[in-house]
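Novice: Below you'll find the structure I mean.
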Amino acid sequence: MIGPLIALVLPAVSGSLACRLLWPAAPRSYPAAVLHASLGTGFGLGAASCVYFAALLVGGSPGASYPWVEGAGFVLVSAGLGVALRRRGGANLDPPAAGAADGFQLIWVVAAVALACFLIGYPIYYSMVPHGINDSVMFWNLRARFLFRGEDRWRDGFGDMYIAPDYPLLLPSVVARCWTYQGHESTLAPALVALTFGLACVATLVAGLALLRGPTQGFLAGLVLLGTSYYFETTAMQVCDVPVAFFYLASAVALCCADRCGASRTLPVLAGAMAGFAAWTKNDGQLFFVALLAVRAGQAVATGTVRRFAHEFGGLLAGAAPALLALLVFKYGVAPTSDFVTGQGEAVTLGRLQDPERYLLIVQTFVGDLLGIGPGLIPVLALYAILVGSAPPARRQNVKQFFVLTILMLIGYAAVYLITPHDLRWRLETSFDRLRMQLWPLALFAFFLWVAAPAEAVTRADPVPRPEPPVGPRPSATDPAGGSPSMMPRYRGGRE
C-alpha cells in the first residue's frame, strides 16, 4: 500500500505548489488552500501520466529504477516551486460576499456526516467488487496491465481485437505507474486512484464555491454531490467518468476565478491544462475541450472582450499543450482508428440522421435519466431555487457560460448517439447514466453560483435594516426608585 500512496502523494504535492504559483495570490484561507490542493492533485497526476507515457514511448514499460528517478524529479520540482513561491508576491482574491459566519453551521455538520458515509462505504464496496465493473476490467485496468507488463510489446494492448482501443491513457497510465511504484499488480492501486479523483472532485466543488460564493454554498453543493448515490457508485466502479468530471469542473472553477480576478494570465493556463487532461482521459473530454473554447469565444464576442480572449486563448492552448501532444502521439502513433469512425458511411450515416425513432429514443432517455439523478434531486433543487431565488447579478460570476457549456455537452453526446454504429438502445442503456455523472459536478457548480445563498435570501426577505442599539451602559435590573424589574419598560433597541 505504501507504493501507491507515494505514487499519488508526490505528484499531488508538486501539482498543488504549481497551482499556487499559477494562482494570482497565495492561499490565505481554508477554501483557497483546499482548492489548490484538490486542483493540484489532478494537475500532478495528469502531468505524471504524460511523463509515464513518454517513458513508455522511449523504453517500454518502466522498470524498478523508474520510481527512484521520477520521485527524485518530483522532489526537485517541488523544491523549485517552493522557492519560487517564497519569492513571489500577489494580491488576494476579494472575499466572497456571503462569508463564513452566515449562520448555517448545521449544513457543515451534515456535509461532514455525508463525507464520513462516503469514506466508510467505499471500502465496503471495494471488498465486494475489487476489480470494478466490466468497463474497468475490459478497458482501463486491462490497458494498465499491458502498460505495466508489456515491456517493449505494450502496444499489443491496442489492437483491433480489443474493445475501444483508441481510448486515451491518463487513467491506465496512472494505475500502471502506481503498480510500478508498488513493484507488482494489485486491485488496491486502481481503487485508490478512483477514490483520489472522487474526493478531489468533491473538494474542488466545495472549495471553489466557498471561495467564490461563501462556505454555505460550497457545503450545500458538496452535500448534494455526496448525496447522489450514483456518484458514489461511479467512483467505486473505477471507470473514467469521475476523473473526467473532475477535470471538467476544475477547468470551470479556474476560468471562473480568472473572470473574477480580471486580467489574469496564469489561471487560463491552469484551466487549459485541466481541459487538456480531460481530453487525455476520455474521448468525451475532447468534445469538452472544443466546447469550452467555443463558449469562451462566444462570451468574448458577446461582451466585447475579444482582445482579452486572444490572450486567454493562448494561455488555454499553452496549458493544454502537454496533454494534447500526448493525445496526438497516442491517436496517430499507437491506437488504431476508432470503430466509431470506421462504422460510418455516407449512406448509412445519412439514414441514421433521418430516422425519427432515434431522435425520440435519445430524448426519452436523456429526459428520464437526467430527471432521475439522485433520484429526486432535480425537483428538490428546483423547489430550492424557487424559494431562495437567484443571486444578485454581481455575484453570479458569469454563470451563464457554464450552463451553456453543459447544454453543449449534452447536445454533443446526443449527436454521437445519433450516428453511433452500435445498437442505439443498448448504447444508451449502458453508458448515458455514467455520461450524465460527468456533467453533474459542473452543473452543480453552475447552479450554486447562480442561486442565492440562504443568507442572501433572508436579507432579501427582510431588507429593512434594524436600528443599532444605543451606545452606553446597559439598563439596570431595577430603577433608581427601587421598582420591580417587571415594572421596567422592556429594552427594544433604542425604541420605546
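The values are calculated or read from the model by the stated rules, or taken from the named source; none is laboratory data. All of these numbers come straight from a predicted model, not from anything done at the bench. Every residue, glycine among them, receives a Cβ derived from its backbone with ideal geometry; neighbour counts consider all protein chains shown.
Novice: Looking for whichever is in a helix (DSSP H, G or I), among the small types (G, A, S) and in contact with a strand residue (DSSP E or B) (Cβ under 7 Å, 6 or more places away or on another chain) here; the options are A414, A385, A394. Which one fits?
Specialist: None of the others qualify; the one that does is A385.
Novice: Being assigned to a loop (DSSP other than H, G, I, E, B) and touching a residue at least 60 places away in the same chain (Cβ under 8 Å) is the filter here; which residues of segment 213-271 pass it?
Specialist: G214, G227, T228, M237, Q238, V239, C240, S264, T266
Novice: Answer yes if at least one residue in segment 402-414 is of a type outside the set (D, E, K, R), in contact with a Cys (Cβ under 8 Å, 6 or more places away or on another chain), under 23 Å from F288 (Cβ atoms) and touching a residue at least 40 places away in the same chain (Cβ under 8 Å), and no otherwise. Outline the logic, then answer.
Specialist: Our first condition is that a residue be of a type outside the set (D, E, K, R); within segment 402-414, this holds for 402-414.
Then keep just the ones that are in contact with a Cys (Cβ under 8 Å, 6 or more places away or on another chain); that gives 402.
If we keep only those that are under 23 Å from F288 (Cβ atoms) as well, we get 402.
Cutting the leftovers down to touching a residue at least 40 places away in the same chain (Cβ under 8 Å) gives us 402.
Checked against the condition, which is being of a type outside the set (D, E, K, R), in contact with a Cys (Cβ under 8 Å, 6 or more places away or on another chain), under 23 Å from F288 (Cβ atoms) and touching a residue at least 40 places away in the same chain (Cβ under 8 Å), segment 402-414 yields at least one hit.
Novice: So, in segment 175-191, of the ones that are within 20 Å of the chain's Cα centre (by Cα) and under 21 Å from A278 (Cβ atoms), which residue ends up surrounded by the most Cβ atoms within 10 Å (Cβ to Cβ)?
Specialist: Pass one, segment 175-191, residues within 20 Å of the chain's Cα centre (by Cα): 175, 190-191.
Filter once more, keeping what is under 21 Å from A278 (Cβ atoms): 175, 190.
Numbers: V175: 29, P190: 27.
If we take residues in segment 175-191 being within 20 Å of the chain's Cα centre (by Cα) and under 21 Å from A278 (Cβ atoms), then V175 is surrounded by the most Cβ atoms within 10 Å (Cβ to Cβ).
Novice: Among (1) surrounded by fewer than 24 Cβ atoms within 10 Å (Cβ to Cβ); (2) farther than 30 Å from S390 by Cβ; (3) among the small types (G, A, S), where does A236 come up short?
Specialist: (1)
Novice: Could you tell me whether segment 414-421 includes any residue that is surrounded by fewer than 21 Cβ atoms within 10 Å (Cβ to Cβ) and within 22 Å of A302 (Cα to Cα)? Before you say what the answer is, go through the steps one by one.
Specialist: To start, the set of residues in segment 414-421 that are surrounded by fewer than 21 Cβ atoms within 10 Å (Cβ to Cβ) comprises 414-416, 418-421.
Now narrow it down to the ones that are within 22 Å of A302 (Cα to Cα): none.
No: segment 414-421 contains no residue that is surrounded by fewer than 21 Cβ atoms within 10 Å (Cβ to Cβ) and within 22 Å of A302 (Cα to Cα).
Novice: Please indicate, with yes or no, whether at least one residue in segment 344-366 is within 25 Å of F246 (Cα to Cα), in a helix (DSSP H, G or I) and not acidic (D, E).
Specialist: Yes, that holds for at least one residue.
Novice: Hey, does segment 296-318 have a residue that's touching a residue at least 60 places away in the same chain (Cβ under 8 Å), of a type in the set (A, V, I, L, M, F, W, C) and touching a Phe, Trp or Tyr at 6+ places or on another chain (Cβ under 8 Å)?
Specialist: First, pick out the residues of segment 296-318 that are touching a residue at least 60 places away in the same chain (Cβ under 8 Å): 296, 298-299.
Remaining after also requiring of a type in the set (A, V, I, L, M, F, W, C): none.
Scanning segment 296-318, I find no residue that is touching a residue at least 60 places away in the same chain (Cβ under 8 Å), of a type in the set (A, V, I, L, M, F, W, C) and touching a Phe, Trp or Tyr at 6+ places or on another chain (Cβ under 8 Å), so the answer is no.
Novice: Could you list, in sequence order, all residues of segment 160-182 that are out of contact with any Gly (no Cβ under 8 Å at 6 or more places or on another chain), within 13 Å of F53 (Cβ to Cβ) and either charged (D, E, K, R) or outside any helix (DSSP H, G or I) (or both)?
Specialist: L169, R177
Novice: While we're looking at this one, here's another question. Would you mind finding the one in S49, S16, S38, S61 that is outside any loop (DSSP other than H, G, I, E, B), out of contact with any Pro (no Cβ under 7 Å at 6 or more places or on another chain) and either surrounded by fewer than 22 Cβ atoms within 10 Å (Cβ to Cβ) or free of Cβ contacts under 8 Å to residues at least 40 places away in the same chain (or both)?
Specialist: S16
Novice: Follow-up question, since we're still on this one. Got at least one residue in segment 124-138 being at pLDDT 85 or above, part of a helix (DSSP H, G or I), among the polar types (S, T, N, Q) and crowded, with 22+ Cβ neighbours inside 10 Å?
Specialist: No: zero hits.
Novice: Kindly indicate whether any position in segment 161-174 is exposed (fewer than 13 other Cβ atoms within 10 Å of the Cβ), over 22 Å from the mean Cα position of the chain (by Cα), modelled with pLDDT under 90 and within 30 Å of G63 (Cβ to Cβ).
Specialist: yes
Novice: Given the criterion part of a loop (DSSP other than H, G, I, E, B), modelled with pLDDT under 95 and surrounded by fewer than 22 Cβ atoms within 10 Å (Cβ to Cβ), identify the matching residue among A25, A33, A84.
Specialist: Exactly one residue qualifies, and that residue is A25.
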